[in-house]
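The block underneath contains the structure these notes are about, expressed in structure tokens.
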């Protein structure tokens with residue numbers, strides 16, 4: 001199967017700090033890829049570069065940002081505009097030919113048709129996040145990059161959002177998402193990529209990560225990730 | 001860019017407080033300036049008590065100068081309120097219906113006629129600052145009245161001296177009719193001396209002739225001395241370049257430029273900071289809009305709003321102050337260039353700030369000192385400090401915008417072309433800084 005998203009030897013430097021070091025991976029159509037790792041591992045930087053919001057110091061990303069939808073961690077919406085006005089604006093900026101159709105489709109997919117004329121400022125956090133994701137999808141991109149999409153949502157809102165994302169992937173969209181909630185990666189992702197100190201240290205299924213860390217298949221993935229990172233640290237100390 | 005422009009207009013329309021301020025602010029400022037100028041404090045409301053008897057005059061030679069002329073002169077310098085008595089004047093000053101009272105005493109004519117120093121009584125009220133302002137305004141008015149009155153007396157004295165020199169009927173109590181003038185004595189006397197044989201009588205007549213000639217010569221000189229004493233130093237003003245701007249129209253130009261700056265800088269800085277506050281900046285700049293287009297859009301919107309506000313202010317103030325509407329084309333040009341430079345400064349500030357509130361605060365903190373510094377007159381501070389102020393004023397757009405608008409509205413110096421060029425350069429420089437700031441902030 002051809003890769004829909006291809007990241008090759010991606011590096012990013014902020015002065016002397018190396019946020020990403022030669023990160024490479026592929027993602028296929030309809031695949032749900034979770035990017036996990038500790039704070040400061042480079043997850044947001046990786047997704048921002050994939051989305052075209054930041055430029056890489058070295059390496060390649062394909063496709064270009066025009067074929068990647070993006071939902072940043074903080075909902076990037078205009079609070080004084082309504083849901084429909086936000087969608088309409090970004091449909092225009094993305095150059096969507098049939099804007100009315102795109103807006104209607106997104107309202108249906110997010111389940112916000114009844115609140116289309118409501119100003120974003122009056123929406124709950126969960127609904128804002130849904131609009132945030134919808135803005136990333138308005139141009140019907142083949143790849144969607146989601147940075148911590150479920151952060152600050154309550155369990156019910158999280159559940160609705162994941163149903164929405166899983167349905168997108170089922171429709172053929174490649175979804176790459178970062179999360180601190182490792183259980184979400186275990187539950188929804190087809191693949192997990194583990195970043196630590198800007199380096200890709202694991203690329204495989206969540207089940208493979210569990211095995212690698214010595215955790216049972218029905219065990220706790222968060223515990224497995226901590227154990228995996230600890231083992232890796234010990235190995236580096238020993239080899240160092 | 002058009003989509004963003006429409007979006008920002010929609011957001012602006014929905015920001016009711018900001019919109020109300022944008023409409024109310026120029027109207028309020030225009031009205032305040034208009035009223036302040038039309039009720040100028042240069043003609044203070046003063047009660048005048050004239051205690052001199054009706055028809056009282058000061059006798060100078062054969063001339064009489066009416067004391068009421070002095071009162072009339074004083075009335076023309078102030079908004080006069082004639083009151084009958086000193087007590088009535090005191091009550092008016094205390095109640096605040098007049099800012100001061102001037103009492104012309106009944107013996108003023110007698111004192112002037114007897115070469116004694118006459119005096120006026122001036123009554124004030126109010127706090128130290130108000131007293132100082134009233135005193136300075138009233139002193140100026142009294143000085144002008146004194147000057148005019150002394151000129152009348154000087155003219156009367158000059159006429160009397162002329163009569164002594166040229167002869168005729170002097171009409172002074174006790175003076176004989178058809179009096180010979182001092183100028184006419186020497187020829188008459190010389191003819192008499194020529195007929196006189198040498199001796200003591202002839203010598204005495206020759207001494208009288210010498211005195212008459214000397215007296216005529218020096219009395220003629222004293223006419224010039226009188227005019228010199230009346231106005232010892234005459235001021236001749238020469239403007240080296242440009243045209244003098246009337247204070248009231250300059251005040252209008254300052255108010256309009258300050259409004260143009262505030263509205264433009266605040267809107268541009270706030271508009272750009274809003275994109276970051278709403279986390280939309282990174283979404284826009286990932287290929288949907290270029291940085292240059294985004295800065296141009298924010299700057300254009302701010303400049304357009306500020307231009308409308310400033311033009312409305314000029315038109316509003318025009319109801320109170322005479323403005324040359326034939327120069328309206330130049331107003332537009334000056335406002336457009338000024339708005340562009342302020343917008344560039346605004347987006348540069350907006351590129352640095354992460355929140356609208358921080359951007360607004362930064363915009364106000366930068367704009368206010370710039371306006372004050374640009375208005376510091378030469379000589380009011382030390383040379384080094386003034387040079388430093390000049391440098392700061394040069395690198396920010398307020399002074400250049402003020403000069404451009406002053407030239408456009410009042411045909412003032414320096415010429416508008418230089419100021420417009422200066423503003424265009426500042427627009428480019430601040431635009432480049434905004435572009436750099438936006439890149440650094442990402």
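Please report the orientation-averaged projected area of region A:1-115, defined via the convex hull of its C-alpha atoms, in nm².
So the mean shadow area of the Cα hull is 9.2 nm².
Per-residue Cβ neighbour counts within 10 Å put B:46, B:93, A:7 in the sequence B:93, A:7, B:46, beginning with the fewest. Ranking of B:124, A:14, A:188 by neighbouring Cβ atoms within 10 Å, starting from the fewest: A:14, B:124, A:188. Over the C-alpha atoms of region B:359-409, the Rg to Rh ratio, Rh being the Kirkwood estimate, stands at 1.02. The share of Cα pairs per 10 Å bin across region B:180-223, counted from zero up to the longest distance, runs 29, 49, 19, 4 percent.
Just to check, using Stokes-Einstein with a Kirkwood Rh over alpha carbon pairs, what's the diffusion coefficient of region A:51-96 at 10 °C and 1.306 mPa s in µm²/s?
126 µm²/s
The alpha carbons of the protein assembly as shown stretch over 157, 53, 48 Å along the principal axes, in descending order. Considering only B:54, B:341, B:328, the Gaussian network model of chain B with Cα springs below 10 Å gives its largest mean-square fluctuation to B:54. Within region B:358-442, all pairs of alpha-carbon atoms sorted by distance into 10 Å bins from zero give the percentages 16, 39, 34, 10, 1.
Mean-square fluctuations from a GNM of chain B, with a 10 angstrom spring cutoff on Cα atoms, peak among B:87, B:155, B:196 at B:196. Rounded to the nearest 10 degrees, the angle from helix A:221-239 to the longest Cα principal axis of chain A is 40 degrees. Each of B:76, A:79 was scored by other Cβ atoms within 10 Å of its Cβ. Arranged with the fewest first, they read B:76, A:79. Once you have a ≥ b ≥ c as the square roots of the Cα gyration tensor eigenvalues for chain B, tell me rounded if a/c is under 1.5, and otherwise prolate or oblate according to whether a/b is larger than b/c. Because a/c hits 1.5 or more and a/b exceeds b/c, chain B counts as prolate. Please state the shape class of region B:399-442: rounded when a/c is under 1.5, otherwise prolate if a/b exceeds b/c and oblate if not, all from the C-alpha gyration tensor. Taking the square roots of the gyration eigenvalues as a ≥ b ≥ c, region B:399-442 is prolate.
Between B:277, B:217, B:292, the GNM of chain B built on Cα springs shorter than 10 angstrom shows B:217 fluctuating the most. Separation of region A:106-125 and region A:1-33, taken as the distance between their Cα centroids, equals 33 angstrom.
Relative contact order of chain B, taken over Cα pairs closer than 8 Å and 6 or more residues apart, is 16 percent.
Just so you know, all these numbers are worked out from the coordinates, no wet-lab data involved. All values reported here derive from a predicted model rather than from experimental measurement. Note that each Cβ is placed from the backbone with ideal geometry, even for glycine, and that neighbours are counted across all protein chains shown.
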